[in-house]
Amino acid sequence: MEDSWHQLQPKTGFLVRLADRLTDQSWQTLTQLYQPIIGPSATGLFSALFWLPQRETYKRHAILLAELGLDLAHLYAARLRLEATGLLTTRFKTEGDLSSFVYELHAPLTPQDFFKDDLLSVQLLGVVGEDLYQSLVTANTVVARSSDDEQNITKNFLDVFHVDGDELREIPAVVSSNRQNLASTRRAPDLSPDKVQFDFKLLGELLERSFVDTRAVSKYRQLLLTEHATYGLDEPTMARYIGEATDLATNIFNPEQFKRIVAQAFGYQYRSEATVGTPADSVANASSATASTATGVSSAEQALLKVASTTAPVKFLQGIKQNTGGFVTDGEQRIVRDLVSRQLFPASVLNLMIYHVLVDEDKPTLNKNLLDTIANDWSKSKVKTPELAIQKIKERQQAMTKPRRSRRQQPTVKETLPDWAKKPSGAAQAPTTAKLTDAQQKQLQQRIARLEARSKGKED
């Protein structure tokens with residue numbers, strides 16, 4: 001199921017299952033390594049699901065909302081972060097008229113596996129910076145130490161235990177059957193080549209022109225895919241960074257140096273002069289074209305779609321900022337990186353989301369809450385193409401431009417009297433004086449005369 005946001009309600013039921021055993025090391029890894037990436041809300045959700053009493057019995061989401069102090073939107077966003085980092089598997093099922101979720105918790109990767117994973121390690125580096133990243137590596141990994149004067153005399157398994165060779169040649173059925181049911185312990189986010197569009201053939205040609213040994217880089221294919229998905233690097237930029245991280249004298253590619261170069265270019269110490277000209281010019285042309293949309297020019301939207309479909313999100317953001325005279329803030333870098341890592345939308349849709357906030361709504365910077373609201377709306381509506389994104393932008397603009405009626409703007413309602421009030425009936429229709437006798441009429445006139453005299457200050 002691509003999106004389950006519309007099924008999530010406070011009354012919707014859920015149960016929790018454990019896929020792995022969690023140790024003290026698991027909780028330390030979750031806090032030190034995962035939390036900077038997923039945030040405290042997602043960490044709190046993981047903990048709440050794990051420590052939930054009788055977690056394998058159905059409960060309502062209202063319990064989680066009350067315990068964590070979150071609304072549905074933030075609970076859903078926290079759940080997505082757990083899913084994206086491999087800590088949670090979410091399943092949805094319907095039985096009759098009742099719908100429910102099954103949340104399966106996975107133990108965090110060991111620190112060694114975490115730092116070996118390109119996607120997680122690069123994301124952590126972008127969040128905490130190089131100094132703290134190196135400190136976390138030192139604190140969470142054990143370096144094997146040995147000396148030349150030390151002799152390893154450790155016995156292996158067969159030196160200590162006797163194993164029948166026939167049992168090894170024919171593994172018992174109970175061992176084989178249970179082994180097949182064991183799930184893989186690797187749960188890093190899936191970033192396989194068939195799910196990420198990147199032209200490695202073009203990259204190879206660019207590297208050959210720059211005299212870089214492509215064979216030395218080919219084994220880091222997963223790392224390159226990770227950088228492309230996280231930062232939106234195109235092939236020429238990727239080739240340039242690879243060249244800077246390769247020792248041309250030895251043709252040795254340094255992956256750690258490559259990560260640092262990318263982080264410095266797009267991380268907190270971003271320099272606006274790193275990319276000048278093309279992104280800003282392209283976005284400027286799209287801005288002028290979009291401004292003419294109100295006149296009904298059909299090519300205006302096509303111009304914007306073309307730029308959004310051919311520009312990486314970070315460069316697209318840079319282009320808008322350069323066009324308006326602004327600069328990319330550290331917070332905006334984190335927001336764009338988070339949007340890319342969620343893998344909910346293609347780059348073209350993310351670009352239109354950024355464009356809508358900064359240009360259409362004339363916001364000086366990207367606002368995370370506003371982008372999360374738009375992202376949730378588009379995810380619920382299954383916006384997967386830039387054309388659908390354009391349509392959603394139009395709908396949002398139309399909704400925002402509808403004037404809200406105030407009390408002054410309310411139309412004047414003319415109330416009409418009912419017939420019984422317009423036409424007096426029966427006795428009320430005749431004048432009152434018609435019922436008075438002559439003496440009574442004379443007495444009434446005298447009273448009126450006295451009242452008039454008093455009003456003029458005269459005594460009767």
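Some notes on this structure:
- For the range 327-385, carbon and sulfur atoms together expose 51% of the accessible surface, with a 1.4 angstrom probe and every protein chain in place.
- Å² of accessible area per residue within the range 1-94, as computed with a 1.4 Å probe and no ligands counted: 50 Å²
- Out-of-range pairs (alpha-carbon distance over 31 Å; input K315/K394; K11/K382; K219/K380; K93/K201): K219/K380; K93/K201
- For V383, residues with placed amide H under 5 Å, excluding near neighbours: none
- Each of the peptides 60-72, 216-228 was scored by the mean count of other Cβ atoms within 10 Å over its residues; in descending order, highest first, they stand as 216-228, 60-72.
- Accessible surface of the range 96-156, 1.4 Å probe, proportion on carbon and sulfur as whole %: 49 percent
- Highest-first arrangement of 243-251, 92-100, where packing means the average Cβ count within 10 Å: 243-251, 92-100
- For the range 101-111, 3J(HN,Hα) per residue [Karplus equation, 6.51 cos²θ - 1.76 cosθ + 1.60, θ = phi - 60°, Hz, x = Gly/Pro]: 10, 10, 9, 10, 8, 10, 5, x, 4, 5, x
- Rounded to the nearest whole Hz, the Karplus-based 3J(HN,Hα) values (6.51 cos²θ - 1.76 cosθ + 1.60, θ = phi - 60°) of the range 84-89 follow the sequence 5, 9, x, 8, 8, 10, with x at glycine and proline.
- Of the accessible area of the range 1-74, computed with a 1.4 Å probe over protein heavy atoms only, carbon and sulfur atoms account for 52 percent.
- Relative protection proxy for 358-370, 438-450, 22-34, from highest mean packing down: 22-34, 358-370, 438-450 (other beta-carbon atoms within 10 angstrom).
The values are calculated or read from the model by the stated rules, or taken from the named source; none is laboratory data. Given the structure is predicted, the values throughout are model-derived calculations rather than measurements. Using ideal geometry, Cβ is built from the backbone for each residue, glycine included, and neighbour counts are taken over all protein chains shown. Accessible surface areas use protein heavy atoms only, side chains included; no ligands, DNA or RNA. Shrake-Rupley method; radii C 1.70, N 1.55, O 1.52, S 1.80 Å.
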